[in-house]
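Beneath this line is the structure, given in structure tokens, with notes to follow.
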Amino acid sequence: MSALQLFTFFFLRLIIFLPLASHLVNAQGLTVGFYSSTCPKAEAIVRDTVNKAMSVAPTLAAPLLRMHFHDCFVRGCDGSVLLNSSIRQAEKDAIPNQSLRGFQIIDKVKTALEKACPGVVSCADILALVARDAMVAVKGPFWEVETGRRDGRVSNITEALRNLIPPFANITQMKLGFQQKGLSVKDLVVLLGGHTIGTSHCFAFSSRLYNFTGKGDSDPSLDSNYIPKLRRKCKPGDANSLVEMDPGSFKTFDENYYKLVSKRRGLFQSDAALLDDSETKAYVKLQATTHGSTFFKDFGVSMVNMGRIGILTGNTGEIRKQCAMVN
């Protein structure tokens, strides 16, 4: 059984057990400039470290954004995706997280912050700040990041499988998954716009090319003229090759993702599904055709909304000394 098939199996079994109000938004305790007195150079330290990393490895921007997303959707934005497990049962060991990259950047930021302000800045806040600064580094939007999160002490592989939305999800599953986190349909279509940067392994979408219904067919929702191009990059059974999610500008944050989706050239089934709902389809069409897109502004707003999911503040949680382990 392939990694994608295994994830599919667990997702379809576990989604029916999701509580309808899990990890709803709770922004109490978050504020812009939370560290202005306790660690006034905190955001500058994060920005400088990220900029150095991006100057050498700009392709890390997408994984760092994805890391923040995957953290917030499991137990809330508490840094639990960063924790290691000696028995490989932490969130980062789950199939959808095994392709995450950039943990070394988070560690560099944490080391620099601990040197400047020991025990002050949480790993959960580092993830939020790094995601913003990585987007700015690839010509994306700037938004004010609310801080004040504290770090969780639990990281569970099963919870990651249960909560992370897979690339084969349909629009109903995605809307439900976002609703359970207190996010709107607009947040859904805006945040998927993050697929404007980065790459994907072939196995995440190859069934759309070769065996969509188990009869050796392709996905009819995928542009038939695009399929041969993808097949040249992804041969049957190819699990290792990488494909640009936004061909031609996968290192630059822009509105081109929506143009691709509107042409039925989104890489994943979840991308194509945005055309199956009137509200998400309208947003796709608007951003694909309107000069002077609102996408950058909308993305910042939705990232702030996502950053409020299930947070720990005040006396809850802890401030980890090292992001990969609890104190």
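The values are calculated or read from the model by the stated rules, or taken from the named source; none is laboratory data. Computed from a predicted model, the values in this text were never measured in an experiment. Note: ideal-geometry Cβ built from the backbone for every residue, glycine included; neighbour counts use all protein chains shown. These area figures cover heavy atoms from the full protein model, side chains too; ligands, DNA and RNA do not enter into them. Shrake-Rupley method; radii C 1.70, N 1.55, O 1.52, S 1.80 Å.
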| remark: Taking Cα atoms only, helix 123-137 is inclined relative to the longest principal axis of the chain by an angle, in degrees rounded to 10, of 60 degrees
| field | 30 Å Cα-Cα reach of Lys321 towards lysines, excluding residues that sit fewer than 8 places from it in its own chain | value | Lys41, Lys52, Lys92, Lys108, Lys110, Lys115, Lys181
| remark: Rounded to the nearest 10, the angle in degrees between the Cα long axis of helix 295-306 and the longest principal axis of the Cα atoms of the chain comes to 60 degrees
| task | On a 0 to 90° scale, report how tilted helix 278-289 is relative to the longest principal axis of the chain, with both axes built from alpha carbons and the result rounded to the nearest 10. | result | 90 degrees
| said: Between Leu60, Leu192, Leu164, where does the largest GNM mean-square fluctuation fall for the chain, given springs only between Cα atoms within less than 10 Å? | reply: Leu192
| said: Could you work out what % of the accessible surface of the chain is carbon and sulfur, using a 1.4 angstrom probe and leaving DNA, RNA and ligands out of the count? | reply: 54 percent
| said: Could you work out the percent of alpha carbon pairs in segment 38-144 separated by over 24 Å, rounded to a whole number? | reply: 20 percent
| In Hz, Karplus ³J(HN,Hα) per residue of segment 312-319 (6.51, -1.76, 1.60; θ = phi - 60°; x = Gly, Pro) | 10, 9, x, 9, 7, x, 8, 10
| query | Using θ = phi - 60° and the Karplus curve 6.51 cos²θ - 1.76 cosθ + 1.60, what whole-Hz ³J(HN,Hα) does each residue of segment 109-114 get, with Gly and Pro shown as x? | reply | 4, 4, 4, 5, 5, 5
| Given the rule -39500 (n - 2.57) for each run of at least 4 DSSP H residues, summed and divided by the residues of the chain, what is its mean residue ellipticity at 222 nm, to the nearest 500 deg cm²/dmol? | -12000 deg cm²/dmol
| said: Looking at the calculated P(r) for the chain, what percent of the C-alpha pair distances fall above 36 Å? | reply: 15 percent
| Alpha-carbon Debye profile of segment 176-275, log10 I(q)/I(0) at 0.14, 0.18 Å⁻¹ | -0.54, -0.87
| message | Sort 120-129, 238-247, 193-202, 169-178 by the packing proxy (mean of other Cβ within 10 Å over each peptide's residues), most packed first. | response | 120-129, 193-202, 169-178, 238-247
| said: Could you tell me how far the Cα centroid of segment 30-93 sits from the Cα centroid of segment 287-327, in Å? | reply: 10 Å
| note | Dividing the alpha-carbon radius of gyration of segment 147-223 by 2.2 N^0.38 Å, where N counts its residues, gives 1.39
| remark: Straight-line reach check, Lys235, cutoff 18 Å on alpha carbons, 8 or more apart in-chain or any other chain, hits among lysines -> Lys215
| From phi via Karplus (6.51, -1.76, 1.60), per-residue ³J(HN,Hα) for segment 85-94 in Hz, x at Gly/Pro | 9, 5, 10, 6, 10, 8, 4, 5, 8, 5
| field | Point-to-point label distance, Thr316-Lys108, nm (Cα→Cβ direction, 7 Å offset) | value | 3.3 nm
